[in-house]
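For reference, the structure discussed in these notes is given below.
Quick note: the coordinates plus some simple rules give every number you see, no bench work behind them. Remember, it's a predicted structure, so these values are computed and weren't measured experimentally. Please note: Cβ atoms are built from the backbone with ideal geometry, for glycine as well, and neighbour counts cover all protein chains shown.
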């Protein structure tokens with residue numbers, strides 16, 4: 001048997017309602033493997049490794065770890081958007097140094113494509129430096145943009161199902177609002193996350209698979225002018241008297257005053273205006289085909305931390321992905337990501353497997369063109385068939401106390417620092 | 001016993017998660033009174049009366065009426081922002097004509113101050129025209145701005161408790177987001193509804209009654225410049241590394257390109273920009289005291305139709321308000337609003353009573369100045385003591401089917417039209 005070594009778990013990128021359940025899957029599964037020692041959570045992802053800020057997750061109470069299931073986002077150990085400076089540089093060397101100092105033999109990275117790339121590079125460098133490090137990835141992103149467009153590397157990522165379910169509720173409830181308030185506010189525009197990829201706005205269709213609602217869905221993939229959208233909205237208004245419009249935050253309606261994060265990704269939520277606001281302003285300026293005004297909701301991060309809407313299927317899969325990654329790690333299978341693959345058959349079921357990190361890091365998933373409806377403002381039944389099982393069949397039961405959610409309280413029990421302080425390269 | 005006459009129920013203004021439960025309370029209670037005949041729902045409020053569009057609610061299945069409990073907003077019969085033209089004019093006469101034609105003896109109006117005023121005027125005119133009409137109001141508004149500032153006419157309005165509970169979840173979950181993502185996005189600004197009155201943004205404090213979170217709450221009542229807010233945010237950032245900022249949609253940060261509805265109220269959701277966006281842009285322009293960017297969520301109508309967050313106390317009170325109004329109507333007590341009054345004592349309990357419509361219509365509730373903290377960016381424990389019981393102690397159990405909410409389906413069974421078509425004055 002391999003000798004017992006400690007584990008570091010880190011999270012990267014935007015959180016999800018179920019990211020903590022992957023973390024829980026890792027912490028709880030690690031107890032079952034003798035080769036896995038203390039599980040540390042790197043505070044704020046890889047930045048916590050660089051700064052030697054390692055939260056002892058093995059020292060937390062079992063109850064608090066269990067409550068991670070009902071705790072959204074990444075508040076427990078934090079996430080980051082820190083991009084490690086190019087390999088062979090100080091940041092990477094520092095990671096290896098910290099791992100050596102804390103007898104880390106296992107590195108589990110929860111994140112998207114960029115994280116899988118980072119995990120892979122760390123594993124390679126560790127090997128070069130003679131450190132016996134097993135690096136394993138755990139998939140995570142509400143955008144569902146990890147892996148390939150044929151869904152062979154990973155069928156979907158934990159987080160997407162819950163955000164999809166958020167949109168089911170958002171559309172169903174917004175439809176009651178819009179139906180009731182349409183004499184004053186006949187157009188309700190809702191802005192969906194997902195950057196430039198359409199899985200999240202597409203999920204709005206799951207609220208109305210039989211296409212009974214006056215619903216238009218604009219994915220960033222379907223370019224059209226604001227004038228064309230206005231025509232389509234007004235045509236629907238003339239027909240139905242009201243309209244619900246879902247539009248991707250990444251839809252190209254011209255300059256939004258965007259800012260970029262350290263990965264070079266556009267941070268739409270920090271832009272000077274939003275796609276939804278631009279559309280509403282245009283609609284109200286040129287005028288609707290019926291009386292009343294257009295209005296918009298930009299729910300932003302609510303989409304990725306509304307715990308009440310978490311999908312039970314997504315929670316389960318997030319947990320099992322964490323478990324699977326822990327098993328891969330314990331088996332010494334470095335350089336892989338735990339993955340979720342869909343079994344064939346009419347009734348949905350999934351299996352857990354592994355895929356090489358470089359394949360995931362090199363993949364570039366697109367929203368399948370075949371799933372975009374001919375109209376350009378809807379998705380097809382094939383998308384519904386793909387995504388519908390992921391929202392689950394009911395509501396999660398949130399533990400409550402005093403009228404508030406009972407969230408996990410992870411104590412700041414930090415590993416003793418053994419190295420000199422270090423300023424991450426990007427912070428200098 | 002008075003002779004049996006039919007009932008018209010109408011809704012006005014913005015909806016709430018529990019408005020349909022008041023409607024249900026009326027429909028279900030009406031079955032118990034022999035003097036109450038068919039209950040009609042006016043489609044889109046008073047506009048439906050003018051247009052003689054009366055939905056037969058007594059003809060709906062008991063199951064669908066029962067499902068109104070779990071159906072948010074006002075999609076079932078609709079609401080309106082139609083302001084009846086001044087009394088003694090055609091609109092008012094038309095209302096009386098329609099009521100006569102359909103043997104309406106009871107008019108129940110679910111709404112805020114403006115609706116209570118309208119209900120009162122209709123009752124008076126009916127009396128002048130020799131129609132034996134009983135008009136009763138049912139309180140409703142998420143803004144909690146009905147009645148007086150001493151809470152003697154009505155302690156709180158159905159709808160507020162659920163929107164307050166929405167904010168408890170929003171802040172708790174946003175705090176997990178902000179704690180996790182703060183290295184990239186240290187400032188999360190959340191825009192609250194409530195126009196110019198502070199009850200809704202104040203409810204954010206219920207998520208954190210012990211003041212442990214880095215939370216700033218800006219009510220419209222507490223004027224300050226954007227520069228001062230920036231200073232306060234940056235001071236908190238320097239201290240805690242992150243900040244959650246709740247700001248009222250009606251906070252005065254200068255021109256938003258507002259539009260107004262037919263009551264002359266500003267429709268903030270249709271403005272060209274938002275308070276939250278303005279603040280975020282300013283923060284990002286002048287720079288934060290820590291690394292990273294400010295972002296914002298503008299959840300808009302989600303605050304008044306997120307059924308999963310409905311307060312069980314609010315649901316109960318909305319139902320009982322509807323019941324009480326029906327009882328008042330059946331007893332012939334015209335010119336009153338059913339009201340909720342708080343019993344004295346440490347443990348919260350409420351009783352149901354009546355208040356004269358003119359008193360409600362003439363009242364002008366303010367957010368109590370004594371409940372605003374000295375800092376100007378918080379509320380006091382007295383507000384928490386007032387509002388905390390209204391959020392209830394747990395989650396509502398939503399009926400689900402196929403992964404979607406099972407919402408009430410009110411059939412468009414319309415009363416036969418007996419009058420010539422009529423174009424409401426404002427539509428001419």
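Some observations on this one:
- Cut-off 18 Å, label 7 Å out along Cα→Cβ of residue A:238, residues of region A:202-217 by amide N: A:214-216
- Against the main long axis of the alpha-carbon atoms of chain B, helix B:90-101 sits at an angle near 50°.
- Per-selection Kirkwood Rh - region A:9-168 (Cα, Å, 1 d.p.): 16.0
- Each of the peptides A:176-185, B:17-26, B:197-206 was scored by the mean count of other Cβ atoms within 10 Å over its residues; in descending order, highest first, they stand as B:17-26, B:197-206, A:176-185.
- Sequence ranges A:303-311, A:368-376, ranked by mean other-Cβ count within 10 angstrom, highest first: A:303-311, A:368-376
- Per-bin percent of Cα-Cα distances, region A:73-205 [10 Å]: 11, 30, 25, 17, 10, 5, 1, 0
- Other protein chain Cβ atoms within 10 Å, averaged over every residue that makes up B:74-84: 4
- Using the empirical formula 2.2 N^0.38 Å as the baseline, the Cα radius of gyration of region B:301-401 reaches a ratio of 1.31.
- Taken residue by residue and averaged, Cβ atoms of other chains lying within 10 Å of the Cβ of B:196-209 number 1.
- Here the Kirkwood formula, the inverse mean of 1/r across different C-alpha pairs, assigns region A:160-306 a hydrodynamic radius of 15.3 Å.
- Of B:400, B:395, the sequence from fewest to most neighbouring Cβ atoms within 10 angstrom is B:400, B:395.
- Ascending count of other beta-carbon atoms within 10 Å, so fewest first, for B:110, B:77: B:77, B:110
- Against the rule of thumb 2.2 N^0.38 Å, how large the Cα Rg of region A:189-257 comes out: 1.09
- Peptide B:37-46, shielding by other chains (average Cβ, 10 Å cutoff): 1
- Size of region A:1-52: Rg and Dmax of its alpha carbons, in Å, are 12.2, 37.
- Gain upon complete extension [residue B:385, residue B:223; 0.36 nm per residue less C-alpha separation]: 55.9 nm
- Summed over qualifying helices (DSSP H, 4 residues or more, each -39500 (n - 2.57)) and divided by its residue number, chain B shows a 222 nm mean residue ellipticity of -10000 deg cm²/dmol.
- Cα centroid separation, region B:94-111 to region B:354-401 (Å): 32
- Compared with the dominant principal axis of the Cα atoms in chain B, helix B:312-330 is inclined by about 20°.
- Between the helical axis of A:275-286 and the longest alpha-carbon principal axis of chain A there is an angle of about 10 degrees.
- Once the Cβ-Cβ distance of residue B:89 and residue A:291 is raised to the sixth power relative to R0 = 25 Å, the FRET efficiency obtained is 0.80.
- Counting all C-alpha pairs of the protein assembly as shown, share separated by more than 37 Å (%): 44
- Euclidean distance between Cα centres, region A:133-151 to region A:410-427, Å: 27
- Residue A:342-residue A:375 pseudo-label distance in nm [points 7 Å out on the Cα-to-Cβ vector]: 2.3
- Estimated FRET transfer efficiency (residue A:265, residue B:128; beta-carbon r; R0 60 Å; 0.05): 0.35
- Evaluated at q = 0.11, 0.20, 0.21, 0.24 Å⁻¹: base-10 log I(q)/I(0), Debye formula over Cα of region A:357-428: -0.82, -0.98, -1.01, -1.13
- Of every Cα-Cα pair in chain A, the percent that sits beyond 36 Å: 28
- Bins of 10 Å, starting at 0 and running to the largest distance - Cα pair percent for region A:11-98: 17, 44, 31, 8, 0
- Scattering profile of region B:263-310 at q = 0.16 Å⁻¹ [log10 I(q)/I(0), Debye over alpha-carbon scatterers]: -0.64
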